[in-house]
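Student: Structure in structure tokens, see below.
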């Protein structure tokens, strides 16, 4: 793998940061804004890191946005019923894992298309979320200790940034240093070859999809902690951006392979572009266009570099 293919996306991020710093040195280049960017990208990074597990299987999970929303509604509802912080978080995370596990079981056992299964699962979860919340934003009864999980700073670093870093380390450890990660990557590389070498397709797929929605549920909890409320569609905006971050990450460090550090880099690019364009007063629709062009450019850089190797 050539230098440009391995590090081109990272160099691209540095170039984007340099450009915005030159265009708006008083606002963008401030240390406080750069720290703020790490906070802004944190929830997206966590959802995208979860998606990295299923992308490593060469599959998709389109239910992640619905799971983010579900986690927020379920947590606030349980707080309203008098539950404590730890039980609420455990039940919500287990529920999140279960959504992906059911999808993974159906996909791996019956060879159903992940696109269809997870789209249907996301629709079901969204309907349940609306039923629980009656379609309304839920406020109140959220403990201060829970809100602290998504707010404030620790040693000058936003708490959400620390959550994203912890999630990155966890995902990188699972994918790069455990038997589960190696099996997931083997299935994604060649399902039939993996099966013939003794890799059990169904349980490993269940784990990959379960971890994907577990991360989405974690992001939903942290989003609720940060906002102090939950909306039944609060997580819908994460779906496309999360997969954009994963695809950007596949152009970095590895030859077309989903990886945790690359995903974090992809989330950083999306966050930097959004922050910089907002500071420059660029309308939202143009921000979407620029983000799409950057993704296409990153893929071109990797492909050109790969052919040159």
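The values are calculated or read from the model by the stated rules, or taken from the named source; none is laboratory data. Nothing here was measured: the structure is a model prediction, and the numbers come from that model. Neighbour counts run over all protein chains shown; Cβ positions are idealised from the backbone, glycine included.
Student: Quick check: anything in the stretch 157-165 farther than 22 Å from residue 33 by Cα and crowded, with 19+ Cβ neighbours inside 10 Å?
Tutor: No, every residue in the stretch 157-165 fails to be farther than 22 Å from residue 33 by Cα and crowded, with 19+ Cβ neighbours inside 10 Å.
Student: Does residue 73 satisfy the condition of being in contact with a strand residue (DSSP E or B) (Cβ under 7 Å, 6 or more places away or on another chain) and within 15 Å of residue 222 (Cα to Cα)?
Tutor: Here the answer is yes, as residue 73 does meet what is asked.
Student: Scan the stretch 57-80 for residues that are more than 15 Å from the chain's Cα centre (by Cα) and farther than 20 Å from residue 184 by Cα and jot them down.
Tutor: Answer for the stretch 57-80, where residues must be more than 15 Å from the chain's Cα centre (by Cα) and farther than 20 Å from residue 184 by Cα: 70, 72, 73, 74, 75, 76, 77, 78, 79, 80.
Student: Then there's this: Quick check on my filter: what residues within the stretch 200-245 are touching a residue at least 60 places away in the same chain (Cβ under 8 Å), assigned to a loop (DSSP other than H, G, I, E, B) and on the phi < 0 side of the Ramachandran plot?
Tutor: Result: 229, 231, 232, 233, 234, 235, 236, 237.
Student: I would also like to ask the following. So is residue 22 at pLDDT 95 or above, assigned to a helix (DSSP H, G or I), over 20 Å from the mean Cα position of the chain (by Cα) and under 30 Å from residue 282 (Cβ atoms) or not?
Tutor: Yes: the conditions hold for residue 22.
Student: How many residues, within the stretch 139-156, are over 23 Å from the mean Cα position of the chain (by Cα) and either surrounded by 13 or more Cβ atoms within 10 Å (Cβ to Cβ) or in contact (Cβ under 8 Å) with a residue 40 or more places away in the chain (or both)?
Tutor: Going through the stretch 139-156 one residue at a time, the tally reaches 7.
Student: Give the residues of the stretch 81-110 that are part of a helix (DSSP H, G or I), closer than 16 Å to residue 229 by Cα and over 20 Å from the mean Cα position of the chain (by Cα), sorted by residue number.
Tutor: Listed by number, the residues that qualify are 85, 88.
Student: Also, quick follow-up: Hey, residue 177 hits all of (1) over 21 Å from residue 129 (Cα atoms); (2) buried (at least 24 other Cβ atoms within 10 Å of the Cβ); (3) at pLDDT 95 or above but one; which does it fall short on?
Tutor: Going through (1) over 21 Å from residue 129 (Cα atoms); (2) buried (at least 24 other Cβ atoms within 10 Å of the Cβ); (3) at pLDDT 95 or above one by one, residue 177 breaks only (2).
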